[in-house]
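In what follows, a single structure is set out as structure tokens and then discussed.
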Amino acid sequence: MGLWEGVPDAVKERSKWAVELGIGVIADSNAAEFHTGGYEEHEGPGEGMTYNATVSYQIHEFDWRTKNARFQPTVELTFMLTIVDQDTGGTVPDVNFGALFRWRDFPWNHYIYTTCGVGGGLFYSFDDWQADIDKHPGEDRSQLKFWLNFQWTFAAPSHPVHQLVLFFDHQS
């Protein structure tokens with residue numbers, strides 16, 4: 001049985017465009033700690049939340065076939081606008097741009113549609129984050145950084161366009 005058997009057509013016939021809205025927490029955890037699933041919130045003047053709007057466009061869909069299965073991961077271009085609301089009395093806008101490799105072929109997709117994305121790109125902040133200054137006292141901080149993006153999405157197969165997205169992004 002192929003991975004796509006039993007998956008509703010709405011999942012198979014998806015748009016190349018995606019829009020996400022989200023909320024994040026400023027954390028002291030780093031990219032190497034992502035696999036644990038936990039995080040430690042930043043405490044002090046730099047603590048706060050991020051409010052994110054993301055637009056993605058699928059630029060390529062692979063079609064890999066083996067004797068018993070077919071896999072169709074994608075590559076997407078991703079742009080994220082973030083408003084960082086720190087406990088310093090102000091907000092800082094950021095922009096992120098990069099590419100994301102998304103794996104969509106999970107054997108349980110006919111029960112809960114799942115994807116996993118990993119990507120990278122560039123991050124530009126219009127001002128330094130207080131949390132970044134707190135972590136690196138006395139050091140100059142760049143406003144242009146490398147951006148890492150990890151995400152898992154979950155949806156009912158009958159409504160694949162309405163997804164819950166769990167994400168971790170990191171700038172360094």
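How large is ³J(HN,Hα) for each residue in segment 55-68, as worked out from phi by the Karplus curve 6.51 cos²θ - 1.76 cosθ + 1.60 (θ = phi - 60°), to whole Hz, x for Gly and Pro?
3J(HN,Hα) across segment 55-68, in whole Hz: 10, 10, 10, 6, 9, 7, 10, 6, 9, 9, 10, 10, 4, 10.
Please report the accessible area of ASP63 (heavy atoms, 1.4 Å probe, ligands and nucleic acids excluded) in Å², nearest 10.
Surface accessible to solvent at ASP63 totals approximately 70 Å².
I want to make sure I understand the PRE zone here: with the label point 7 angstrom from the Cα of PHE97 toward its beta carbon, which residues in segment 118-135 have backbone N atoms less than 13 Å away?
121-125
In nm, to one decimal, how far is the modelled label at LYS135 from the one at HIS162, with both set 7 Å along Cα→Cβ?
3.6
Can you pull the one-decimal nm distance between simple spin-label points at PHE62 and GLN143, each 7 Å off the Cα toward Cβ?
Between PHE62 and GLN143, the simple spin-label model gives 3.8 nm.
What ³J(HN,Hα) values, in whole Hz, does the Karplus curve 6.51 cos²θ - 1.76 cosθ + 1.60 give for segment 145-154 when θ = phi - 60°, with x put for Gly and Pro?
9, 7, 10, 10, 9, 10, 8, 10, 10, 9
Largest first and in whole Å, give the semi-axes of segment 38-172's equivalent ellipsoid, each being the square root of 5 times a Cα gyration tensor eigenvalue.
Values: eigenvalues 230, 51, 32 Å².
Gyration-tensor ellipsoid for segment 38-172: 34, 16, 13 Å.
In nm, what is the difference between 0.36 nm times the number of residues separating VAL19 and HIS110 and their Cα-Cα distance?
Numbers: separation 91, 0.36 × 91 = 32.76 nm, distance 2.29 nm.
Taking VAL19 through HIS110 to full extension adds about 30.5 nm, to one decimal.
Express in Å², to the nearest 10, the accessible area of SER125 obtained by rolling a 1.4 Å probe over the protein heavy atoms while all chains stay in place.
SER125 has an accessible surface of roughly 0 Å² with all protein chains in place.
Work through the residues other than GLY121 whose Cβ is under 13 Å from its Cβ and net out their charges, Lys, Arg +1 and Asp, Glu -1.
Charge balance in the 13 Å sphere: -2.
Are there trypsin sites (Lys or Arg not before Pro) in segment 93-172 that DSSP puts in a loop and that have at most 16 other Cβ atoms within 10 Å, and which ones?
Values: sites: ARG102, ARG104, LYS135, ARG141, LYS145; in loops: ARG104, ARG141.
Answer in residue order: ARG141.
The values are calculated or read from the model by the stated rules, or taken from the named source; none is laboratory data. A quick note: this is a predicted structure, and the numbers were derived from the prediction, not measured. Ideal geometry is used to build each Cβ from the backbone, glycine not excepted, and the neighbour counts take in all protein chains shown. We work out accessible area using only protein heavy atoms, side chains counted, and drop any ligands, DNA or RNA first. Shrake-Rupley method; radii C 1.70, N 1.55, O 1.52, S 1.80 Å.
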